């Protein structure tokens, strides 16, 4: 017997116990409402999605072709439509997640208006967005199941059994969300408290970076400042305690290192023993050997291997790392994070280059053999130019004639139909599969896709609608495509929940229900 049938039986039993007071209660209607609300709390969602993500991680360890993907979201509707589209095109949500970008929360969800990605936005806006995303995903379940229930009522014989099988085997739109907690929005206690809000909203996976909270910058901007390892590890432990306190024992922590592009630190690490973690952090500082007599007013010195060293301190009161140490610092960051409770890594890079990423992962795996990454397939990269330049460099190194190309101008449309451009596009197409196989990348995401798609589609509509095309700009450019491509929200009343509401009116009021989906509803035109 299916869960749906079990629920009908259970509610029927309750109805019998309550006697005549429950005469108007229909057990099948109650069972339908239960099916449409599979997840009762955010913690239910976090536990369910954590188990999915852990299984996917194990599958990737066994076969690197089984990498996972996600797209960034800044609104519940965006996340909902992605999962509806994925189910429509692939009939499965396997290995397809959602990403919640702190950048997009800052730029699009703050009460201060658009902000840069510098942790200036309200930190509770992030947990609120997690809750919003799951509200929309749960509504997508309710909407889809509601349609199946209406089909069930109208069907007969074998058709009825086939629809019942679809109900029993329904694939939920609820998938894991990787949620960006920035640098923790304060000290370790603040990180713990916010992590609890994330988890209670449904997050099974939290990503945290090793920047200073009050100096935080976007991963693809200059001026990034990292913290000593012990400070970062305290926040990783804080998140783990939050997961354990709330009973999400399989919760996943993504430790992000920004050290590749971060040349500054605010603190000199505490060290008590040569070679300890603090000493290793300080060894990367840009220092000069000095004598006690050469010290100036306010100078800071450290003693290392019997020498007095003066770290280079900038007017900002920040200390500078030696140039060229970024990759080595990333490797140390990653190893120590995995050794202290993190599950996955994120190395923020300045370009999408498999050899660069793979080289660091190879060093990490000498210590942690199953280390794997979440990777930002960032819109901050000029993918076309980067890959065309990589192909150009490979051609030149192989002794091929590249005189027809100007390396600095390879973005130009004049190169679009060349062999070089075709080769570069193929490398872009296979980048995720190649990087999963060669560079240990378990999860590929795009942080800001819908920020850009919203701008692009709005630009196209505005150009046509306010130009010579008028209403045809909307009809041909939007509605006609929606209808022909089977985009569900062309029936926007249905998407907003009007049919779900009509079902409930039937349950609550019976024949007295005043419903929206009558013959005069213009949605019937679709």
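Every number in this text was worked out from the coordinates using simple rules, so none of it is lab data. Just so we're clear, the structure is a prediction, and the values are computed from it rather than from any experiment. Here the Cβ is made from the backbone with ideal geometry for all residues, glycine too, and neighbour counts use every protein chain on show.
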Mean Cβ-within-10 Å packing, highest first, puts peptides 68-76, 398-406 in the order 68-76, 398-406
Rounded, prolate or oblate: which fits segment 205-356 when a ≥ b ≥ c are the square roots of the eigenvalues of the alpha-carbon gyration tensor, with rounded for a/c under 1.5 and prolate only if a/b beats b/c?
prolate
Percent breakdown of C-alpha pair distances by 20 Å bin, ordered from the shortest bin, for the chain:
18, 46, 28, 7, 1
Difference of contour (0.36 nm per residue) and Cα-Cα distance, residue 291 to residue 313:
6.2 nm
Using every pair of alpha-carbon atoms in segment 325-378, split the distances into 5 Å bins beginning at 0 and state the percent of pairs per bin, rounded to integers.
4, 20, 36, 26, 12, 2
Structure-based [θ]222 nm, the chain - -39500 (n - 2.57) summed over DSSP H runs of at least 4, per residue, nearest 500
-15000 deg cm²/dmol
When 148, 373 are arranged by how many other beta-carbons sit within 10 Å of their Cβ, fewest first, they go 148, 373
With a bin width of 5 angstrom, please list the P(r) values of segment 1-116 as percents of all Cα-Cα pairs, from the 0 bin to the one holding the largest distance.
2, 9, 11, 13, 15, 13, 11, 9, 7, 5, 3, 1, 0
Compute the helix-to-body angle for 383-397: its Cα long axis versus the longest principal axis of the chain, expressed 0 to 90° and rounded to tens.
50
Using a 7 Å offset from the Cα along the Cα-to-Cβ direction at both residue 110 and residue 462, what is the distance between the two label points in nm, to one decimal?
2.2
Average silhouette area of segment 134-212, convex hull of alpha-carbon atoms, in square nanometres:
6.1
Å³ per residue of the Cα convex hull, for segment 160-276?
152
Round to the nearest 10 and give me the degree value, 0 to 90, for the angle of helix 449-465's Cα axis relative to the longest principal axis of the chain.
60
For helix 188-201, report the angle its Cα long axis makes with the longest principal axis of the Cα atoms of the chain; keep it between 0 and 90° and round to the nearest 10°.
20
Extension length gain for residue 515 and residue 471 (0.36 nm per residue less Cα distance), in nm, is 12.7 nm
Just to be sure I understand: of the beta bridges DSSP finds with both ends in the chain, what percent are antiparallel, rounded to 5?
25
Can you put 104, 395 in order of Cβ neighbours within 10 angstrom, beginning with the fewest?
395, 104
If you count, for each residue, the other Cβ atoms within 10 Å and average over each peptide, how do 226-239, 47-60 line up from highest to lowest?
226-239, 47-60
With segment 467-510 reduced to its Cα atoms and the Debye formula applied, log10 I(q)/I(0) at q = 0.17, 0.18, 0.21, 0.34 1/Å amounts to -0.60, -0.63, -0.72, -1.03
With the contact rule set at Cα under 8 Å and sequence spacing of 6 or more, what percent relative contact order holds for the chain?
15
From the mean inverse distance of alpha carbon pairs (Kirkwood) and the Cα radius of gyration, derive Rg over Rh for segment 394-464.
1.10
